[in-house]
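Okay, structure first, notes after.
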Amino acid sequence: MSRATRFILALLVAALYAGGLTLAQGDAPLLAQAAADHDDHDDEHDDEHDEHDDDHDHDHGHDDDHADDHDHDHGGTAGMRLLVTSADEPVAIVLDLATGAEIARFTTPGIGSVYQLPDPRYAAITHRSEHRVTFVHSGLSTVDHGDHMDLLQGSPYVLQTMNVGRQPTHFFARGTDIGIFNDEDGTIAWLDTRLLGISLDYTEIVTAQSDHGSLAVIDDYVLSGHLQLARVDVYDRDGTLLETFEGCPGLHGQAVHDHTVVFGCSDGVLLVEVHHGGTFSAHKIANPAGSSDDARVGTLVSDDRNPIVYGNFGSGLALIDVEARTMTSTPLPAAPIGMRFAEHGEALIVLTGDGFLHRLDATDGLVLASVEVANATRPDRPRASLAVLGEYAYIGDPDHGRVVEVDLDHMETLRHFDVSLTPGGVAVMAIPGAVLD
């Protein structure tokens, strides 16, 4: 395919996602707003950076790399693909979710953290130690027939690998914007998803200092959160510092709700709002009274269709009502290690450290159903990982060398895919709304 043809296809499909939301057709938004609005790389493990050097002596049984047989119709997964990264070697694979077959295998610059994007044709892998970011193309494309789009299935491939700064760590994606905070040099790389595979250009924002930072992009502004400085700085596209908001000790993690960014602090959350006309304001919400000393928000997820932003909070969750400016907490059976919205923002899917996947009512945080999908988390082992698309969830199970597929409507396990690596991260790739010709 020529570069010109790729450019035209990129513009056509990107138009589906360019509304300033992490939304596509169906439930695709949940891809990015949950997986890319926070730092999976650091969830409650800031000092580990997902590097696991343990030996894996067990037999994964990967002779055929196939899915276990179950009496279920898997037509709903036709045209869906799953990117799986390794927890202990620089390798990534792609599975065809209709069959469970491994259809691509790549060598990567290093072990990395994987992210789903608002345009779910793509996924990204950050390689912190190697100072690189890899973008993977699903191999999926469409032919537009006006009343419907035919889905074409090509081979997945590495779209591009970029050097965007030193130690790319926190990854943000929303609409057509991608932002990456580089911890070692304190820069932010600001990319346009419509140019992936076409241009290596990006906008560089030089922040106050090197730091374990987080960021969000709203309209033409970058909000840069700093752990060490305990503050949020607002920059325009030219890199000009416009505003600074203090008072967020231990700043880590963020999520966007409409034009408000919620940053996690050790003593609560800091809400920074972007107003029309290029003005900004901030509001601090303290942790709920009586909270335990080890409870804090450090990872957040959001969906513009739900007024509640969720964050981890000790062994439970924090519910942050952006409009009411309130924060409450709710318990879970174990600490959350992964969260994704589903069902058009009406459900929250939570993976907890005891190996269970839960479906919650996203209006009040009530657990509605649960299913066991992996072993309990251990400090000396890679953690299970989570991806969600539509009515399916996929859990990377490192202890058993497999990916588990869960039907979210019935909260039951459908299939297990034996894979040829120790799963470290997972991301669904698809084109929602397209149909197989």
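The values are calculated or read from the model by the stated rules, or taken from the named source; none is laboratory data. What you are looking at is a predicted structure, and each value in this text was computed from that prediction instead of being measured. Methodologically, a virtual Cβ is constructed for each residue, glycine included, from the backbone with ideal geometry; neighbour enumeration extends over all protein chains shown.
If you check ASP380 against the conditions, is it out of contact with any helix residue (DSSP H, G or I) (no Cβ under 9 Å at 6 or more places or on another chain), in contact (Cβ under 8 Å) with a residue 24 or more places away in the chain, among the acidic types (Asp, Glu) and within 19 Å of ARG340 (Cβ to Cβ)?
no
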Can you find a residue that is at pLDDT 95 or above, in contact with a helix residue (DSSP H, G or I) (Cβ under 7 Å, 6 or more places away or on another chain) and of a type in the set (Phe, Trp, Tyr) anywhere in segment 106-118?
yes
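Provide a single number: the residues in segment 225-256 that are in a strand (DSSP E or B) and either touching a residue at least 60 places away in the same chain (Cβ under 8 Å) or of a type in the set (D, E, K, R) (or both). Break it down into steps so the answer makes sense when it comes.
Within segment 225-256, the first condition is being in a strand (DSSP E or B), and the residues that meet it are 225-226, 231-236, 241-246, 254-256.
Narrowing further to those that are either touching a residue at least 60 places away in the same chain (Cβ under 8 Å) or of a type in the set (D, E, K, R) (or both): 231, 233, 236, 243, 246, 254-256.
The number of residues fulfilling the criteria is 8.
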Looking at VAL367, VAL350, VAL403, VAL371, which is the one that is surrounded by 16 or more Cβ atoms within 10 Å (Cβ to Cβ) and within 21 Å of GLU102 (Cα to Cα)?
VAL403
Of all residues in segment 264-309, which are within 16 Å of the chain's Cα centre (by Cα) and not in a loop (DSSP other than H, G, I, E, B)?
LEU300, VAL301, VAL309
Suppose we keep only residues that are in a loop (DSSP other than H, G, I, E, B) and aliphatic (A, V, I, L, M) within segment 170-224. Which one would you say is farthest from the chain's Cα centre (by Cα)?
ALA208
Just the residues that are crowded, with 22+ Cβ neighbours inside 10 Å, in contact (Cβ under 8 Å) with a residue 60 or more places away in the chain and under 24 Å from GLN254 (Cα atoms), please, taken from segment 126-168.
THR126, ARG128
HIS416 is checked against (1) in contact with a His (Cβ under 7 Å, 6 or more places away or on another chain); (2) surrounded by fewer than 23 Cβ atoms within 10 Å (Cβ to Cβ) and fails just one. What number does that condition carry?
(1)
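Inside segment 88-125, can you point out the residues that are surrounded by fewer than 22 Cβ atoms within 10 Å (Cβ to Cβ) and of a type in the set (A, V, I, L, M)?
Initial filter on segment 88-125 (surrounded by fewer than 22 Cβ atoms within 10 Å (Cβ to Cβ)): 88-91, 93, 96, 98-99, 101-110.
Across segment 88-125, the qualifying residues are VAL91, ILE93, ALA98, ALA101, ILE103, ALA104.
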Note on segment 339-394: residues more than 21 Å from THR422 (Cβ to Cβ) and outside any strand (DSSP E or B) are GLU343, HIS344, GLY345, GLU346, ALA362, THR363, ASP364, GLY365, GLY390, GLU391
Selection from segment 86-99 of residues modelled with pLDDT of 95 or more and either in contact with a Lys or Arg (Cβ under 8 Å, 6 or more places away or on another chain) or aliphatic (A, V, I, L, M) (or both) yields ALA87, VAL91, ALA92, ILE93, VAL94, LEU95, ASP96, LEU97
What strands (runs of 3 or more DSSP E), lying completely within segment 104-145, carry at least 1 residues that are under 19 Å from ALA384 (Cα atoms)?
113-116, 122-127
